[in-house]
Amino acid sequence: MKVEETHLKDCYVIEPQVFEDHRGYFFESFNADKFQEKTGLTINFVQDNESKSSKGVLRGLHFQIGDHEQSKLVRVVKGAVIDFCVDLRKESPTFCQTFSVELNEENRKQLFVPKGFAHGFVVLKDNTIINYKCDNFYHKDSERGIIFNDKDLNIDWRLPEDEIILSEKDNKLPTLSEYLNEN
């Protein structure tokens, strides 16, 4: 397992070691001991989620607050996404900075998103399947979000805005400044 810290503190891109032969492939998608050894972080994942989306679907930017904050380990099983995260930890030296990486079935990269980060992705291929592990359970009342096209974040989703498909809920999320002014 190759683990590379991004410019955002505690946010990592993980590349598993893949063993391929005429039968197919095998890789260890997560190993808690190796992760702790390479990052210094102890993670206990308690929930696995999976979504299937069409090209152009944008999910995010989502996070949970308080006792229900979540760290996530995100990977693509089939297809491709550009995965984004935003550091919302006010005490962090990378507060309000963003990071993105393409995750796809060929590169098998994973993104570790720590607690205190907003997370989202835009789908680049039809029938994309995304799997992510969470270290805390979903809690509806703690769920928050930031609108995808926030001008202060200036995220390049790499698709024209008229090709982006949003849920009604994601289309009504507050801006970053609105969220920060409320909290």
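None of the figures in this text is laboratory data; all of them are computed from the coordinates on show. Worth saying up front: this structure is predicted, and the values here are computed from it rather than measured. Cβ atoms come from the backbone with ideal geometry, glycine included; neighbour counts cover every protein chain shown.
When the chain is fully extended, how far beyond the present Cα-Cα distance does His7 get from Asn171, taking 0.36 nm per residue of separation?
Stretched out fully, the His7 to Asn171 stretch lengthens by 56.2 nm.
Relative to the present Cα-Cα distance, how much length would full extension add between Ser142 and Lys34 at 0.36 nm per residue of separation?
35.8 nm
Enumerate the calculated ³J(HN,Hα) couplings along the range 59-67 in order (Karplus 6.51 cos²θ - 1.76 cosθ + 1.60, θ = phi - 60°), each rounded to whole Hz, writing x wherever the residue is Gly or Pro.
10, x, 8, 10, 6, 10, 10, x, 5
Let me have the 222 nm mean residue ellipticity of the chain computed from DSSP H runs of 4+ only, each contributing -39500 (n - 2.57), with the sum over all residues rounded to the nearest 500.
Roughly -2000 deg cm²/dmol at 222 nm, from the helical runs in the chain.
If I build a Gaussian network model for the chain, linking alpha-carbon pairs within less than 10 angstrom, which residue out of Leu173, Leu159, Leu88 has the largest mean-square fluctuation?
In the Gaussian network model the winner is Leu159.
Please give the contour-minus-distance gain from Glu102 to Arg158: 0.36 nm per residue of separation, less the Cα-Cα distance, rounded to one decimal in nm.
That pair, Glu102 and Arg158, stretches by 19.1 nm at full extension.
Search the structure for amide H atoms under 5 Å from the amide H of Asp135, placed 1.01 Å from N in the peptide plane, and list their residues when 5 or more places away or on another chain.
Placed amide hydrogens put Val46, Ser71 under 5 Å from Asp135.
For the chain, set up a GNM with springs between Cα atoms under 10 Å and report which of Glu20, Glu105, Glu143 has the largest fluctuation.
Maximum fluctuation in the GNM of the chain, among the listed residues, is at Glu20.
Per-residue HN-Hα couplings for the range 172-183, Karplus 6.51 cos²θ - 1.76 cosθ + 1.60 at θ = phi - 60°, whole Hz, x for Gly and Pro?
Taking θ as phi minus 60°, the curve returns 10, 5, x, 6, 4, 5, 4, 4, 5, 5, 7, 10 Hz for the range 172-183.
Quick one: which residues, 5+ away or cross-chain, put their amide H under 5 Å from the amide H of Ile165? H built at 1.01 Å from N.
Close amide H contacts, sequence-distant or interchain: Val57, Leu58.
Between Asn183 and Lys151, what FRET efficiency comes out of the Förster formula 1/(1 + (r/R0)^6) with R0 = 22 Å and r the beta carbon distance, rounded to 0.05?
The value I calculate is 0.70.
Once you keep just the Cα pairs under 8 angstrom separated by 6 or more residues, what percentage relative contact order results for the range 45-182?
Over the range 45-182, the number comes to 37 percent.
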